[in-house]
Ligand SMILES: Nc1ncnc2c1ncn2[C@@H]1O[C@H](COP(=O)(O)OP(=O)(O)OP(=O)(O)O)[C@@H](O)[C@H]1O
Ligand SMILES: [Mg+2]
């Protein structure tokens, strides 16, 4: 992106932010026009009234009364136009916010991994909000001098072509100087926005990790970072203010010089009999409007630069490709395969992939396109069966779960859910078939009831209570003074880890999806909470195809098939007893966890 130049293409793109806003632009043009008209009528009213009173001229007095009527009418119209103008700005902002939010919501996971949360907040809240200032003031600051200057030059040309042409030449020179001086403003505006975004990122980090910030000496580093970025942003803003002051000074001087030149030349021409003196006076009075134009064009350019920078930042979101509705690139390379009895759980007959609840075939994947995180992974879970994924940290277990959720595109291989390739699902369909409980399930800062209902909007209160009972959450919820209406605070801060997890399970219960994905749903809990959550999980698993990433032996022992993952590959698979007999990695993990004294925890 060229940070200095304002191009027609850039301007066109910026204007495309304001869809369906014809009425706004009309009002924007009408406002300065009405202002000029109101001032003109007022001046004529004073002239007529004074002359009528002094000459006792009733006809003139009648005309001035008529002018007063026009003045009142025009003033009221101005109020009405201002109201419509402000109303239109509200509507445009409402549409723009929704457009950015909807787009953000549809962006794929990699976007959010590459951008700090604060960056999205900065764009959605501050940058979009600052666009409002451009809509309300900035555009007027650009349009008004242009309209008034243009109108004045046109009338001067009409009054006297030669002086008019001179005014144009002088204006072009002044405008050129103003534009050259204002060129760095755009780069400065970009830098200021970038620094403010970093400030918001630092602030979000400090607030999100407040307990760590308070406890560790690293806090000083975080505060130091914030303070430095804040100081840099202030310094950059000051530099910009200084540049704007310089531009203003030069503009006013050049406007004044233009006036002097026109005055001298006009008087000289009048003296030579080339133009009458009245015309020179009229031109000089119009020259004020030209001066207003010249005195504002550089700063108007700066305002435009600011607006375009804000637009660019919003387009950094809007230009990102969104997730397609269909998972078209998933599973296109599907080939017929059949699974062994081991894949389906011991004792099962040979099954085809159509019969599997989850069938992952030869899947390879990397987050960055370079390092393979999964390499030829094969996993099959029979319908209604349970498979467990275990293995070393960083082995790729959570990545398997994220691929099943459609968060990323596969590099190669294919996935089928309930017999259908992922390519056959829309994202919405896919996700409606899956209940997902992550390790640290997110709770929204709304009531417990609404958090559970988030699993299936429209579920009745009775269904919410039933889901909570099945997740062993009902009893502790009822102990709160406000029961199900208790607000859980930001991220569910007012609840314990076990309570949060059971509410997340209730949310999965109410969703009642045929496939259940659990990613270490109990690993962070104490023994008592774990037992309750474990009971909830077992109830939830009943009859559903379940893939569970687990560190707890209690969960794994009962699984129909256990897959042991290391280095992005499945290195062992089978039932607990079979794997224990193999004396491979699984056995080593179990022995290790038993040896650590924390029984049953990998
Ligand atoms: N969003 C990401 N971007 C880039 N690399 C990632 C991302 N998420 C995970 N990885 C990398 O992929 C590898 C597998 O990660 P994954 O989270 O799947 O492991 P895991 O088996 O679930 O580990 P753990 O048991 O510690 O949860 C790791 O090397 C990790 O650093
Ligand atoms: Mg993981």
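Here is a list: 538, 578. Which entry is part of a helix (DSSP H, G or I) and either without any contact (Cβ under 8 Å) to a residue 60 or more places away in the chain or within 15 Å of ligand 1 (Cβ to nearest atom) (or both)?
Going through 538, 578 in turn, just one is part of a helix (DSSP H, G or I) and either without any contact (Cβ under 8 Å) to a residue 60 or more places away in the chain or within 15 Å of ligand 1 (Cβ to nearest atom) (or both): 538.
Can you work out which of the residues in the range 424-448 that are in a helix (DSSP H, G or I) and surrounded by fewer than 20 Cβ atoms within 10 Å (Cβ to Cβ) is nearest to ligand 2 (Cβ to nearest atom)?
The residue in question is 431.
If only one of 492, 498 is within 25 Å of the chain's Cα centre (by Cα) and away from ligand 1 (no atom under 16 Å from the Cβ), which one is it?
Going through 492, 498 in turn, the sole match is 492.
Restricting to the range 376-423, name every residue that is farther than 20 Å from residue 552 by Cα, within 16 Å of ligand 2 (Cβ to nearest atom) and under 31 Å from the mean Cα position of the chain (by Cα).
Within the range 376-423, 402, 403, 404, 405, 407, 408 meet the criteria.
Evaluate the following for residue 414: is it farther than 21 Å from residue 105 by Cα, assigned to a helix (DSSP H, G or I) and in contact with a strand residue (DSSP E or B) (Cβ under 6 Å, 6 or more places away or on another chain)?
When the stated conditions are applied, residue 414 does not pass them.
Could you give every pair whose Cβ atoms fall below 6 Å, whose first residue belongs to the range 390-402 and is assigned to a loop (DSSP other than H, G, I, E, B), and whose second residue is more than 6 Å from ligand 1 (Cβ to nearest atom), counting only separations of at least 6 or pairs across chains?
From the range 390-402, the pairs are 392/566; 395/565; 395/566; 396/374; 396/565; 396/568.
Looking only at the range 427-436, decide whether some residue is more than 25 Å from residue 539 (Cα to Cα), touching a residue at least 24 places away in the same chain (Cβ under 8 Å) and touching a strand residue (DSSP E or B) at 6+ places or on another chain (Cβ under 8 Å).
There is at least one residue in the range 427-436 that is more than 25 Å from residue 539 (Cα to Cα), touching a residue at least 24 places away in the same chain (Cβ under 8 Å) and touching a strand residue (DSSP E or B) at 6+ places or on another chain (Cβ under 8 Å).
Pairs needed: first member in the range 188-202, under 17 Å from residue 242 (Cα atoms); second member anywhere, outside any helix (DSSP H, G or I); C-beta distance under 6 Å; at least 6 residues apart or different chains.
Hits for this filter: 190/3.
Which residue is nearest to ligand 2 (Cβ to nearest atom), if the candidates are limited to the range 547-571 and must be part of a loop (DSSP other than H, G, I, E, B) and at pLDDT 80 or above?
Restricting to residues being part of a loop (DSSP other than H, G, I, E, B) and at pLDDT 80 or above, the top hit is 550.
Residue-wise test of (1) within 16 Å of ligand 1 (Cβ to nearest atom); (2) at pLDDT 90 or above; (3) assigned by TED's automatic domain parsing to the domain that holds residue 480; (4) on the phi < 0 side of the Ramachandran plot.
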site: 424; (1), (2), (3), (4): no, no, no, yes
site: 427; (1), (2), (3), (4): no, no, no, yes
site: 430; (1), (2), (3), (4): no, no, no, yes
site: 445; (1), (2), (3), (4): no, no, yes, yes
site: 450; (1), (2), (3), (4): no, yes, yes, yes
site: 453; (1), (2), (3), (4): no, yes, yes, yes
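The values are calculated or read from the model by the stated rules, or taken from the named source; none is laboratory data. Everything quoted here is computed from the prediction, not taken from an experiment. Don't worry about glycine lacking a Cβ; one is built from the backbone with ideal geometry, like all the others, and counts go over all protein chains shown.
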